[in-house]
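Quick notes on the structure that follows.
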Amino acid sequence: QKVTDDVMVLKLKLPASERLQFLAGQYLEFMLRDGTRRSFSMGNAPHDDELVEIHVRHVPGGQFTDHVFGKMKEKDILRFEAPLGTFFLREDSEKPIVFVASGTGFAPIKSIIEHAMHEAITRPMTLYWGGRRPHDLYMGGIARKWAEEIGAFFDYVPVISDALPEDEWKGRAGFVHHAVMQDFPDLSGYQVYACGGPI
């Protein structure tokens, strides 16, 4: 499913006898024919594992993403290794959580938040999701729905860095991490989960 001009959500179905056990926030590596690998976080929570959800941003000239956006068809076969990584919810803490996502860095954070909701974890959580323009927050509706459903301990703060006049953006502006630092000058009492572009 193409959710914006440059973001695709892939749903992967495992062979009938296979289940992928993973921790919310972990990632997989696609193994390409030339031996190279491409890493993508799982966007679904572990309990919702019938299909594995991957969020792919198109990198022009990128071998794998050009294939996803240009040639990939339903029922194509992909090889991947999973689960990988240590980016997952630390459930042995009571500290409130600040999530910081930019672009498709939202995928593992979505997995963690959906897992926390499923486990009825009531630690205060604030999600900051940054994009260049409003349409870059390609699942903003889901984040707003979480805020409505579990608003007592969940806040969603979308942040846009390069809005154009036609976007009519009235929310937070600038870089997403600057918004976090404005709101939380002291993060020592929080757990921070951040995923996105290197900047």
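Got at least one residue in region 97-114 being open to solvent by 30 Å² or more (accessible area, probe 1.4 Å) and of a type in the set (A, V, I, L, M)? Scanning region 97-114, I find no residue that is open to solvent by 30 Å² or more (accessible area, probe 1.4 Å) and of a type in the set (A, V, I, L, M), so the answer is no.
Here is a yes/no grid of residues against (1) open to solvent by 40 Å² or more (accessible area, probe 1.4 Å); (2) of a type outside the set (V, I, T); (3) within 13 Å of F40 (Cβ to Cβ); (4) at pLDDT below 95:
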{"position": "G85", "(1), (2), (3), (4)": "no, yes, yes, no"}
{"position": "A116", "(1), (2), (3), (4)": "no, yes, no, no"}
{"position": "Y128", "(1), (2), (3), (4)": "no, yes, no, no"}
{"position": "H135", "(1), (2), (3), (4)": "yes, yes, no, no"}
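Starting from region 68-90, take each residue that is touching a residue at least 24 places away in the same chain (Cβ under 8 Å) and over 15 Å from R38 (Cα atoms) and list its partners that are polar (S, T, N, Q) and part of a loop (DSSP other than H, G, I, E, B), counting only C-beta distances under 8 angstrom and pairs at least six apart or across chains. Final answer for the pair search is F87/Q26; F88/Q26. Put simply, of E18, E53, E81 the only residue that is farther than 30 Å from R172 by Cα and either modelled with pLDDT of 95 or more or touching a strand residue (DSSP E or B) at 6+ places or on another chain (Cβ under 7 Å) (or both) is E81.
Filtering region 1-26 to residues that are in contact with a helix residue (DSSP H, G or I) (Cβ under 7 Å, 6 or more places away or on another chain) and more than 18 Å from D76 (Cβ to Cβ) leaves T4, V7, A24, G25.
Scanning region 28-38 for residues that are at pLDDT 95 or above and open to solvent by 70 Å² or more (accessible area, probe 1.4 Å) turns up R37, R38.
Does Y156 satisfy the criteria of being open to solvent by 20 Å² or more (accessible area, probe 1.4 Å), in a loop (DSSP other than H, G, I, E, B) and at pLDDT 95 or above? So Y156 fails the test. Within region 3-26, the residues that satisfy the criterion of being polar (S, T, N, Q) and either farther than 27 Å from D66 by Cβ or open to solvent by 40 Å² or more (accessible area, probe 1.4 Å) (or both) are S17, Q21.
Any idea how many residues of region 55-78 are in a loop (DSSP other than H, G, I, E, B) and touching a Phe, Trp or Tyr at 6+ places or on another chain (Cβ under 7 Å)? Residues meeting the conditions: 2. If you go through region 1-32 and pick out every residue that is part of a loop (DSSP other than H, G, I, E, B) and of a type outside the set (D, E), you end up with 15. Test R79 against the criterion of being farther than 21 Å from V192 by Cβ, surrounded by 15 or more Cβ atoms within 10 Å (Cβ to Cβ) and among the basic types (K, R), and give yes or no. So R79 does not fit the description; no.
Table: residues versus (1) part of a helix (DSSP H, G or I); (2) open to solvent by 30 Å² or more (accessible area, probe 1.4 Å).
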site: R123; (1), (2): no, no
site: A143; (1), (2): yes, no
site: K170; (1), (2): no, yes
site: H178; (1), (2): yes, yes
site: G189; (1), (2): no, yes
site: Y193; (1), (2): no, no
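The values are calculated or read from the model by the stated rules, or taken from the named source; none is laboratory data. These numbers come from a predicted model, not from an experiment. When we count neighbours, we look across all protein chains shown, and the Cβ atoms used for this are built from the backbone with ideal geometry, even at glycine. The protein model used for the area step is the full one, side chains on, heavy atoms only, and it has no ligands, DNA or RNA in it. Shrake-Rupley method; radii C 1.70, N 1.55, O 1.52, S 1.80 Å.
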